[in-house]
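The values are calculated or read from the model by the stated rules, or taken from the named source; none is laboratory data. This is a predicted model, so every value here is computed, not measured. Cβ: placed from backbone, ideal geometry, glycine included. Neighbour counts: every protein chain shown. Accessible surface is based on the protein model in full, side chains and every heavy atom, while ligands, DNA and RNA are left aside. Shrake-Rupley method; radii C 1.70, N 1.55, O 1.52, S 1.80 Å.
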Amino acid sequence: MTTLGQLGLWLALLIGAWGTFVGFYGGYTGRPELIASARRATYALCGVLVVASIGLLVALLKHDFNVAYVANYTSRDLPTVYVLSAFYGGQSGSLLFWAVVLSLFGALAQWLTSRKYDHLLPHVAGVTCAVTLFFVIVTLFAANPFERLPFTPADGSGLNPQLQNPGMVIHPPMLYLGFISITIPFAFGVAALLSRRLDTGWLHAIRKWTIVSWLFLAIGITLGMWWAYVELGWGGYWAWDPVENASFLPWLTMTAFLHSVMIQEKRGMLKKWNMVLITLSFLLSIFGTFITRSGIISSVHSFAQSAVGYYFLGFLIFIILAMAVLLWLRLPMLESDAHLESMVSREASFLFNNLILVGIAFSVLWGTMFPVISEIVRGTQVTVGPPFFNQVNIPLGLLLLALTGIGPLIAWRKASVKNLRRQFAVPVVSGGIAAAILTALGMGNFYAITTVSLAVFVVGTILQEFVRGVGARHRLHGEGYLQAFARLVGRNRRRYGGYVVHLGIVIYFLAFTGQAFRVDLEASLNPGETAEMQSPWGHTYAFTHIGVSQYDELNRLVSAASVEVARDGERMGIMKSEKRQHFICSAPIRPCPRQLRKPSFEPSTEAGIRSDLREDIYIVFAGVVEGTEEAVYRFTLNPMVWWVWFGGFVLVVGGVVTLWPGTTIRTVGEGDTQGGYAAQLLESKSA
Amino acid sequence: MHRRDVLAHLTAVAVIPLAGLVRAQEVPAGGAQEGATGDRVAAPELYDPFRVGRPRDRVTDYENDPFIVGLESRLRCTCGCNLDVYTCRTTDFTCGTSPAMHRQVVEMVESGKTAQEVLDAFVAQHGEMVLMAPKKEGFNLLAYFLPGTAVVGVGALLVWALAKRRGRVAAATVAGDTLSSEDRATLEAELSNLEL
């Protein structure tokens, strides 16, 4: 099967090159046979890459350890689910995964896009084939997953224990899906530039793709946070690590893009900016892989590094240059149809929202790259860690939170004082009251007070929108409140789904505030001994060490430390944290005899976690003293962590609402400059 | 359930968390009320200590000392893990570097060094890279101030450009504004309905 896989890759190389050529040339000349060939090339490319992927999956499942990739990332006793996830767990497999998923998205874009946009599709095929071709080239010439060893080991090295977690089965694919799917909106942007069809058509064609990309990125990032929290054992979920930052960057620019396209759709403005944003998002998605794979910056997530970084660097430079030239050539066609009329308008607030989002993206990128810049400029290596990122980004994040409440409520074109009073009086007063209560109660943390009061303000604006909308339907159509709510959301899915997404963001912010109140305690305990600590909510927890038990699992030797937990004197139950020593077997004998077991990695730690709405109890078994059952623990009380996952859930629900089929959105027609009767009236009167 | 009861429940749900967060201010940073109680007896031997990894020392008061924890949070472990010393020594139990750096910090604090002197000693030994954030001086100032300055600068530029454009548009509108008050009222009504 690996021969078939290898053959699939070589065919993908040829088909990808052909698809790229006929896509661009067919789009340029408009010759129907070339256009049809480009479309067929995207389907064929997908087909051969699926065959290549099946080849790798079969090699993994059959434990063909003669294949270097299989030997490096799996072992006989690795559970099947992790054998399958090893497909994208290593570098060359992840590159093949990228190529096959991108080819699938490329084919779907050709298949699902309305015939209205036929003029864009040849160029779209050209771009998707070209990007897939790049990944096929890297896979074939720099990181081939089908490479064979000169010998066949009895067992593989196994998968890194940190990757043997359910979160890692779904987190990387989600993040990859987010990264990869950005290529489709980017391809439509390039197609619009090449075909000179720069009205809002391309934006309509990519609307769902954009939300899908953004949603996958959001899910991938949240799952990554969850994985880091349960698996890495430091008790946090975000450490501003370069790889985490790399996943955050395209999400920020895609969020900015999602907002700024509304301005182009409604007012025909920000055309250049939208092109820049989608290009930037695409570049940052590639940059993420460059950071992960090049090893240019050290990261706890850099599980594999090699020379593929140079390929990515070359590709990034090529895209930057090509897009700069293309944008420069099309600049005259990207002039706005209308201009901003007031600083107190929705357009202006969206513009500032974009400024803050891109500002945060810049500060994250700047901080991530600063060690490299410092080394080049000063010859001195520096570390840019969480203290820097928190200091620079928290103020920007709070500004963004404020704009989350302001943007959706402010009127288009120009807001009157009456409009401002009507929309903001209640939310502003609510936020002010929240701040006053917290200050009066003696809370001294400025950022926590600001976050909570801004959150109250934003929630106030969201609730007000729902209440007013439901009330209006109830009065105008005589509908019951529930029916009015369902129809209000059903008929304005993008708008109200967007509000739900904003609610998810607010929940995230509140949950992040909890980290300011985290408490830790280290203790070494004999069986029967108890350590006590006080939680931020005022509870007293008692942790009584029960003992350490040792037993064998499928591919690991386990030492489990058990702790009885009581809160305010009331027994809560027993929690367990483990040390795991993974092993591989020197011979294909099952069960593996003790003398044939070889440790495959350093012992890893599994934290014991108990979540509730207020705080998590997080227990880490650090080790034992003098080979006895006297255990060393780190106990952490982590406020509000559950809300991070709930915020992610709410955000996904909002995203799904906006994606739900059947949404009708009033926007300017293709080629129109303004939306609605009112705007046209103004145009005709001003003319 | 009466409306008053519902409101009382809602108020409780809203106020209890806030009150709890306020109480959180009273908890000292880095560690709360701690202590081990109970009769200390010799712990039984483990069946296979090798499985548990690197042997650990007994925890002393220094491990939870907020001053030491605070200092260690500003120092990077030099083992290549990318974590600060405190996080590394309480997370990556295969690392021998962070426990050694912890002992160095404890020794320096015991010898009466101030926080800055401890940090300076580590910088002298390992270079500036040992700090979790660059010093706020010289070229590093660019790291801290460029993002904020860029956002403020671009924002100011935007406002300035808009004000300039509005001035031009206003001058043109005064000359050619033929919108009647009736049309303007219709327009405003339409605009207010545009989003419903």
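Residues that are over 24 Å from residue A:272 (Cα atoms) and open to solvent by 10 Å² or more (accessible area, probe 1.4 Å): list the helices (runs of 4 or more DSSP H) wholly contained in segment A:165-233 that include at least 1 such residues.
Ranges flagged: A:166-181, A:201-227.
Among the residues of segment B:132-152, how many are open to solvent by 40 Å² or more (accessible area, probe 1.4 Å) and either facing chain A (nearest Cβ under 7 Å) or of a type outside the set (S, T, N, Q) (or both)?
10
Would you point out which residue out of A:210, A:183, A:222, A:200 is β-branched (Val, Ile, Thr), under 30 Å from residue A:622 (Cβ atoms) and more than 14 Å from chain B (Cβ to nearest Cβ)?
A:222
Being on the phi > 0 side of the Ramachandran plot and of a type in the set (Gly, Ala, Ser) is the filter here; which residues of segment A:234-264 pass it?
Within segment A:234-264, A:235 is the sole residue that qualifies.
Is one or more of the residues making up segment B:87-100 in contact with a helix residue (DSSP H, G or I) (Cβ under 6 Å, 6 or more places away or on another chain), hydroxyl-bearing (Ser, Thr, Tyr), within 9 Å of chain A (Cβ to nearest Cβ) and open to solvent by 20 Å² or more (accessible area, probe 1.4 Å)?
no
Hey, can you tell me all the residues within segment A:19-38 that are part of a helix (DSSP H, G or I) and open to solvent by 60 Å² or more (accessible area, probe 1.4 Å)?
A:21, A:24, A:25, A:28, A:32, A:33
Quick one: is residue A:469 in a helix (DSSP H, G or I) and within 9 Å of another protein chain (Cβ to nearest Cβ)?
Spelling it out, residue A:469 is indeed in a helix (DSSP H, G or I) and within 9 Å of another protein chain (Cβ to nearest Cβ).
Is at least one residue of segment A:82-99 touching a residue at least 40 places away in the same chain (Cβ under 8 Å) and more than 29 Å from residue A:309 (Cβ to Cβ)?
no
Can you tell which of A:552, A:520, A:568 is surrounded by fewer than 16 Cβ atoms within 10 Å (Cβ to Cβ) and touching a residue at least 24 places away in the same chain (Cβ under 8 Å)?
Being surrounded by fewer than 16 Cβ atoms within 10 Å (Cβ to Cβ) and touching a residue at least 24 places away in the same chain (Cβ under 8 Å) holds for just one of A:552, A:520, A:568, which is A:568.
Does residue A:104 count as open to solvent by 10 Å² or more (accessible area, probe 1.4 Å), touching a Cys at 6+ places or on another chain (Cβ under 6 Å) and assigned to a helix (DSSP H, G or I)?
yes
What number of residues within segment A:375-416 satisfy the criterion of being small (Gly, Ala, Ser) and within 30 Å of residue A:446 (Cβ to Cβ)?
Final tally of qualifying residues: 6.
Answer with yes or no whether residue A:401 is more than 18 Å from residue B:135 (Cα to Cα), facing chain B (nearest Cβ under 7 Å), assigned to a helix (DSSP H, G or I) and among the hydrophobic types (A, V, I, L, M, F, W, C).
no
Could you please give the count of residues in segment A:109-162 that are under 27 Å from the mean Cα position of the chain (by Cα), more than 18 Å from residue A:35 (Cβ to Cβ) and in a helix (DSSP H, G or I)?
Qualifying residue count, segment A:109-162: 11.
So which of A:39, A:76 ends up being within 23 Å of residue A:191 (Cα to Cα) and of a type in the set (D, E, K, R)?
On inspection, the qualifying residue turns out to be A:39.
Considering only residues that are surrounded by 14 or more Cβ atoms within 10 Å (Cβ to Cβ) and more than 15 Å from residue B:105 (Cβ to Cβ), look in segment B:60-81 and name the one that is farthest from the chain's Cα centre (by Cα).
Only one residue fits best here, namely B:79.
How many residues does segment B:113-128 contain that are open to solvent by less than 60 Å² (accessible area, probe 1.4 Å) and either away from chain A (no Cβ under 12 Å) or part of a helix (DSSP H, G or I) (or both)?
Summing the residues that are open to solvent by less than 60 Å² (accessible area, probe 1.4 Å) and either away from chain A (no Cβ under 12 Å) or part of a helix (DSSP H, G or I) (or both) in segment B:113-128 gives 7.
With surrounded by 15 or more Cβ atoms within 10 Å (Cβ to Cβ), more than 22 Å from residue A:510 (Cβ to Cβ) and modelled with pLDDT under 95 as the only criterion, which of A:342, A:306 stands out?
One residue alone meets the criteria, A:342.
Can you find even one residue in segment A:413-432 that is at pLDDT 90 or above, under 30 Å from residue A:469 (Cβ atoms), facing chain B (nearest Cβ under 9 Å) and part of a helix (DSSP H, G or I)?
no
Just one of the numbered conditions (1) more than 7 Å from chain A (Cβ to nearest Cβ); (2) basic (Lys, Arg); (3) farther than 30 Å from residue A:351 by Cα is not true of residue B:76; which one?
The one condition residue B:76 does not meet is (1).
Each row is one residue, and each column tells you yes or no for (1) open to solvent by 30 Å² or more (accessible area, probe 1.4 Å); (2) within 15 Å of residue B:155 (Cα to Cα); (3) basic (Lys, Arg); (4) touching a Lys or Arg at 6+ places or on another chain (Cβ under 6 Å).
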| site | (1), (2), (3), (4) |
| --- | --- |
| A:335 | yes, no, no, no |
| A:338 | no, no, no, yes |
| A:355 | no, yes, no, no |
| A:359 | no, yes, no, no |
| A:369 | yes, no, no, no |
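Which one is nearest to residue A:191 (Cα to Cα) among residues in segment A:135-163 that are buried (at least 23 other Cβ atoms within 10 Å of the Cβ) and of a type outside the set (Gly, Ala, Ser)?
The extreme case among them is A:135.
Could you tell me how many of the residues in segment A:376-395 are among the hydrophobic types (A, V, I, L, M, F, W, C) and either outside any helix (DSSP H, G or I) or more than 7 Å from chain B (Cβ to nearest Cβ) (or both)?
Going through segment A:376-395 one residue at a time, the tally reaches 5.
Within segment A:508-560, can you find the residues that are assigned to a strand (DSSP E or B), among the aliphatic types (A, V, I, L, M) and more than 9 Å from chain B (Cβ to nearest Cβ)?
Listed by number, the residues that qualify are A:546, A:560.
Kindly indicate the residue of segment A:441-466 that is free of Cβ contacts under 8 Å to residues at least 24 places away in the same chain and more than 9 Å from chain B (Cβ to nearest Cβ) and also nearest to residue A:504 (Cα to Cα) among those meeting that condition.
Step by step, filter segment A:441-466, then rank; the result is A:463.
(1) open to solvent by less than 50 Å² (accessible area, probe 1.4 Å); (2) in a helix (DSSP H, G or I); (3) away from chain B (no Cβ under 14 Å): which one isn't true of residue A:483, the others all being true?
With (1) open to solvent by less than 50 Å² (accessible area, probe 1.4 Å); (2) in a helix (DSSP H, G or I); (3) away from chain B (no Cβ under 14 Å) applied to residue A:483, the lone miss is (1).
Looking at residue A:618 and the list (1) open to solvent by 10 Å² or more (accessible area, probe 1.4 Å); (2) more than 9 Å from every other protein chain (Cβ to nearest Cβ); (3) in contact (Cβ under 8 Å) with a residue 60 or more places away in the chain; (4) out of contact with any helix residue (DSSP H, G or I) (no Cβ under 8 Å at 6 or more places or on another chain), which single condition is not satisfied?
So residue A:618 meets the others, but not (1).
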